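Asks: Mind looking over this structure? Questions follow.
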Amino acid sequence: MDMKNAFLNEDLKKKQSLSPLKGTYDLKQALREWFDKFNNTICNLGFTCSPHENALFIRKSERGVVLLHLYVDNMSIIGNDVDGISDLKASLHHTFEMKVLSSPSYFLGLEFISTDDSIYLSQAKYASYLLARAGIIDNRTESTLRELNVRFTPMDGIVLDNSTLYRQLVGGFVYLTVTRPDIAYPVHVLSQFLSAPRTTHYAAVLHILRYIKCTLFHGLHFSVHSFLSFQAYSDADWTGDPINRRSTTGDCLFLGDSLIF
């Protein structure tokens, strides 16, 4: 759902200057006032704010669960309480001027493909943006994430003259791990050199990008037919850091055959 003219719905609590303004959106407190009004409205409908995410609201009842996630003036509503979702939409329409959109297919870099029995999540478009940002336009790809038995240190190679692109790409990798947990470990390693990256570290970034290009449409698949049993896996390299001899650990959790953590 989309809120029309969201910032025009809030009630300002302080007097404002009479200097000409282009609109309410120009008031620096507009976003805060809008969120306060929406928060009061949704809480009066029986929702509570998640303790882990201020923009996530949850309502549980005997009929089921309804979750609403707010992003500025756009919101996504999911849950197994079909009647509760309908009641929520009607209540929001009564308070605000709303526009009902179709089921999401793209949101904040995440692509959704839904079928009757599964959901597939990917970030192919976002990954393509990272490739373009790095200027990778040739056909070269890599079948592995990194070269075998390579351990990076802060003294490898030559310090980059401009580290901005390195930091942008590694930051982009961090967000890409939402649907690409396979790149999490090398991204963790390269994140340790953000303050003073060197040529060897940047070469590793390019290696990861070429691997991503080779596996552009990899993502997460969730099937309704997946059996409901938990399986957890963990591993460690045991004093593998070449500088301080610390260990790096990793773990993942499957619900059936679907990766959930």
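Asks: Across segment 67-119, what is the number of residues that are under 23 Å from residue 177 (Cα atoms), touching a residue at least 60 places away in the same chain (Cβ under 8 Å) and more than 15 Å from the chain's Cα centre (by Cα)?
Replies: 2
Asks: Let me ask you something else. Please list, ordered by first then second residue, the pairs with beta carbon atoms under 9 Å, 6 or more apart or interchain, first in segment 199-222 and more than 15 Å from residue 174 (Cα to Cα) and without any contact (Cβ under 8 Å) to a residue 60 or more places away in the chain, second acidic (Asp, Glu) and assigned to a helix (DSSP H, G or I).
Replies: 215/182
Asks: What are the residues in segment 243-256 that are in contact (Cβ under 8 Å) with a residue 60 or more places away in the chain and either surrounded by fewer than 13 Cβ atoms within 10 Å (Cβ to Cβ) or under 23 Å from residue 221 (Cβ atoms) (or both), if any?
Replies: 243, 250, 252
Asks: Right, another one. Exactly one of (1) in contact (Cβ under 8 Å) with a residue 40 or more places away in the chain; (2) farther than 30 Å from residue 133 by Cβ is unmet by residue 259. Its number?
Replies: (2)
Asks: Considering only residues that are in a loop (DSSP other than H, G, I, E, B), hydrophobic (A, V, I, L, M, F, W, C) and under 26 Å from the mean Cα position of the chain (by Cα), which ones fall in segment 138-166?
Replies: Residue satisfying the conditions is 145 alone.
Asks: For segment 125-143, enumerate the residues that are surrounded by 14 or more Cβ atoms within 10 Å (Cβ to Cβ) and among the hydrophobic types (A, V, I, L, M, F, W, C).
Replies: 127, 130, 131, 134, 136
Asks: What about residue 215, is it assigned by TED's automatic domain parsing to the domain that holds residue 124 and either of a type in the set (Ser, Thr, Tyr) or exposed (fewer than 13 other Cβ atoms within 10 Å of the Cβ) (or both)?
Replies: Spelling it out, residue 215 is indeed assigned by TED's automatic domain parsing to the domain that holds residue 124 and either of a type in the set (Ser, Thr, Tyr) or exposed (fewer than 13 other Cβ atoms within 10 Å of the Cβ) (or both).
Asks: Mind checking which residues of segment 230-251 are modelled with pLDDT of 85 or more and either assigned by TED's automatic domain parsing to the domain that holds residue 80 or β-branched (Val, Ile, Thr) (or both)?
Replies: 249, the sole residue that qualifies.
Asks: Among the listed residues 50, 76, identify the single one that is in contact with a Pro (Cβ under 7 Å, 6 or more places away or on another chain) and surrounded by 13 or more Cβ atoms within 10 Å (Cβ to Cβ).
Replies: Among 50, 76, only 76 is in contact with a Pro (Cβ under 7 Å, 6 or more places away or on another chain) and surrounded by 13 or more Cβ atoms within 10 Å (Cβ to Cβ).
Asks: Can you tell me how many residues within segment 93-109 are of a type in the set (A, V, I, L, M) and surrounded by 14 or more Cβ atoms within 10 Å (Cβ to Cβ)?
Replies: Selection size over segment 93-109: 1.
Asks: Which residue out of 146, 151 is surrounded by 15 or more Cβ atoms within 10 Å (Cβ to Cβ), charged (D, E, K, R) and either touching a residue at least 40 places away in the same chain (Cβ under 8 Å) or within 15 Å of residue 127 (Cβ to Cβ) (or both)?
Replies: 146
Asks: Let me ask something additional. So, in segment 225-237, exactly how many residues are assigned to a loop (DSSP other than H, G, I, E, B) and surrounded by 10 or more Cβ atoms within 10 Å (Cβ to Cβ)?
Replies: Number of matching residues: 2.
The values are calculated or read from the model by the stated rules, or taken from the named source; none is laboratory data. Since the model is a prediction, treat every value here as computed from it, not as a measurement. Neighbour counts are summed over all protein chains in view; Cβ atoms, including those assigned to glycine, are modelled from backbone coordinates with ideal geometry.
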